[in-house]
Amino acid sequence: MNDIAVTNTADVTAQKTSAVTAADSHKTTSIRVSPNGYFAGLLLSAFFSAFLIYLEIDWAGLVLFVAGWTFFPVLLWTDRIVFDGKRLTRTGFLPRIWARLNNFRYRLKLSDIEQVETQSLRALKRGGNVFYRYRTSIQGKNLKFAFASGGEHYRQMIHRIFPLLPENALDNRSIELRDYLLDPKEILMKAQFAKIPSAEVLESSLNNAKVSNKNKRAKCKDKETGSEELEKADYLHRLANELRLSGYLLQSLEAFRRALVLTPKNAWLIFDFARCLHSFAGAEHDDKLERRAFAALRIAEKHGAADGNFLARLGECYFQFGERKRARQVFQKAADAEEESFRSVRGLAEIALRDGKIAHVIHNFATAHRLAETAALRRWTQSESDYFSRLNADEDYMELEISRVNLLENLDGFKKSALRVALFGFPAISFGLITEDNLIANLGWAISAAAILVWAGLFASQNLLSTRVPMDLEEED
């Protein structure tokens, strides 16, 4: 009865999700952009207003302070990314003015999206739970929209945009968010219904769970799995991924363990279990668990050797974990299993780029262009092929690009140094003001102000250098 109830719950959840998607298909969804730039402007205005007041230019300091703390919050509040079902639009006042002045776009059609990438950051660790913050960037036609997780608005954007995009435009983590990102409260209720213990209980019995997992899989190895067990394994597989993306790693591992007892040779299940184990190993800084995660990936590779789509996703996982050699081998296996696929060829191009093999990069992007199923992917692969062909054929252009990339990397280090110098001046300012020593206070203000101005200049320069040198740039005589 429990298995039937679990299956019925899964069906009801899927029906509700479909109904919500259909009902929201014509609604407008929006999310606030990342506030980092506005917070930086706010802090700069506060610092220089205090500096002006210290210099006894009180009226200018007060005007700057009031203006900064009035306009920056308003600009932040009104700067949003809006999706109306057909296109993404940036609504902020400053981005629109900048776009008009530079003849840039601030709208992106759904059909023009070329790449979607999502990065995860461990924001907080509490016991066996790790709370992640996701940052998603959507690119197309030299335009980039970026937004971060933090509530229901992020989930709405993911669920409205990602299902409408081709899978080859999404990276591994974006696909997982599309399929498994839910409200954490709802996921915990599902875990409670499936009788998954809490993280506190699982943390104390983690080693016993591993031994139990091995013994149960050994007992079920030769047992034929019925349809009821397959349905329960599928439900546990999905629940485990939902728990993993929400940061409930111990409960996710337990759900994976139970699913593996029922279907121990499921390549996708072992693959997702390995990713969860790798995340848990990183949070715990446990090298032994990390090695087990890679061993699980090898087992998944063995069971999914005939599935080209699975191997392409596995190759991306290896590449993400820094195993380029293994990723290259898996991508090649994927190409052999399904002749050639866009995802595997694109992966080979990215690995060749890291290895500095420009000719291989050009060849693989040209092949990916031939295999691309949408106009946006064809446009992106063609532009990449043209760019690297120009690098390979034009030594002067290559020198310009190498100089740009090297300078960009150096600027990042200079920015961090300038920020550290600015922070170094704050104690001197505080000490000078408390002791009424004008020399120390003046020295602190001078150091901090100069460092902050340098940081702001480097920040602007870094944004300008982030774009490639135009390929049609011609040298003037």
Criterion first (in contact with a Leu (Cβ under 9 Å, 6 or more places away or on another chain), closer than 25 Å to residue 151 by Cα and surrounded by 15 or more Cβ atoms within 10 Å (Cβ to Cβ)) does residue 88 satisfy it? yes
With the checklist (1) under 26 Å from residue 185 (Cα atoms); (2) crowded, with 17+ Cβ neighbours inside 10 Å; (3) small (Gly, Ala, Ser) in hand, flag the one item residue 282 doesn't pass. (2)
Return only the number of the condition from (1) in a loop (DSSP other than H, G, I, E, B); (2) under 17 Å from residue 178 (Cβ atoms) that residue 147 does not satisfy. (1)
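Mind listing just one residue for me: the one in the stretch 305-329 that is more than 20 Å from residue 117 (Cβ to Cβ) and at pLDDT 90 or above and, of those, farthest from the chain's Cα centre (by Cα)?
Filtering the stretch 305-329 for residues that are more than 20 Å from residue 117 (Cβ to Cβ) and at pLDDT 90 or above, the one farthest from the chain's Cα centre (by Cα) comes out as 329.
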Give the stretch 335-361 a look and list any residue that's closer than 18 Å to residue 391 by Cα and either among the basic types (Lys, Arg) or under 26 Å from the mean Cα position of the chain (by Cα) (or both), or say none. 349, 350, 351, 352, 353, 354, 355, 356, 357, 361
Residue 373 being under 26 Å from the mean Cα position of the chain (by Cα) and assigned to a loop (DSSP other than H, G, I, E, B): yes
Considering every residue within the stretch 266-282, establish whether at least one is farther than 16 Å from residue 198 by Cα, outside any helix (DSSP H, G or I) and more than 20 Å from the chain's Cα centre (by Cα). yes
Candidates 181, 177, 143, 170 - the one that is buried (at least 16 other Cβ atoms within 10 Å of the Cβ) and closer than 21 Å to residue 36 by Cβ: 143
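Answer with yes or no whether residue 173 is in contact with a Leu (Cβ under 6 Å, 6 or more places away or on another chain) and at pLDDT 90 or above.
no
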Taking residue 179 as meeting all but one of (1) more than 19 Å from residue 378 (Cβ to Cβ); (2) at pLDDT 90 or above; (3) assigned to a strand (DSSP E or B), write down the number of the exception. (3)
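Got a sec? Which of 18, 30, 49 is in a helix (DSSP H, G or I), out of contact with any Pro (no Cβ under 6 Å at 6 or more places or on another chain) and modelled with pLDDT of 85 or more? Step through it out loud before you land on a result.
Details: 18 fails: modelled with pLDDT of 85 or more; 30 fails: in a helix (DSSP H, G or I).
Testing whether each residue is in a helix (DSSP H, G or I), out of contact with any Pro (no Cβ under 6 Å at 6 or more places or on another chain) and modelled with pLDDT of 85 or more leaves just 49.
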May I ask you to list the residues in the stretch 86-121 that are part of a loop (DSSP other than H, G, I, E, B) and either more than 25 Å from residue 173 (Cα to Cα) or in the same structural domain as residue 374 (by TED's automatic domain parsing) (or both)? 91, 92, 102, 103, 104, 105, 106
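Matching residues to (1) of a type outside the set (S, T, N, Q); (2) over 14 Å from residue 50 (Cα atoms); (3) surrounded by 14 or more Cβ atoms within 10 Å (Cβ to Cβ):
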residue: 418; (1), (2), (3): yes, yes, yes
residue: 423; (1), (2), (3): yes, yes, no
residue: 434; (1), (2), (3): yes, yes, no
residue: 438; (1), (2), (3): no, yes, no
residue: 441; (1), (2), (3): yes, no, yes
residue: 445; (1), (2), (3): yes, no, yes
residue: 448; (1), (2), (3): no, no, yes
residue: 453; (1), (2), (3): yes, yes, yes
residue: 456; (1), (2), (3): yes, yes, yes
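Considering only residues that are of a type in the set (Ser, Thr, Tyr) and in contact with a helix residue (DSSP H, G or I) (Cβ under 8 Å, 6 or more places away or on another chain), look in the stretch 123-148 and name the one that is nearest to residue 376 (Cα to Cα). Don't jump to the end; show me each part of the working.
From the stretch 123-148, those of a type in the set (Ser, Thr, Tyr) are 132, 134, 136-137; that's our starting set.
Applying the additional criterion that residues be in contact with a helix residue (DSSP H, G or I) (Cβ under 8 Å, 6 or more places away or on another chain) yields 132, 134, 136.
Working: 132: 30, 134: 25, 136: 18 Å.
Filtering the stretch 123-148 for residues that are of a type in the set (Ser, Thr, Tyr) and in contact with a helix residue (DSSP H, G or I) (Cβ under 8 Å, 6 or more places away or on another chain), the one nearest to residue 376 (Cα to Cα) comes out as 136.
The values are calculated or read from the model by the stated rules, or taken from the named source; none is laboratory data. What you are looking at is a predicted structure, and each value in this text was computed from that prediction instead of being measured. Counting neighbours? That spans all protein chains shown, and the Cβs are built from the backbone with ideal geometry, glycine included.
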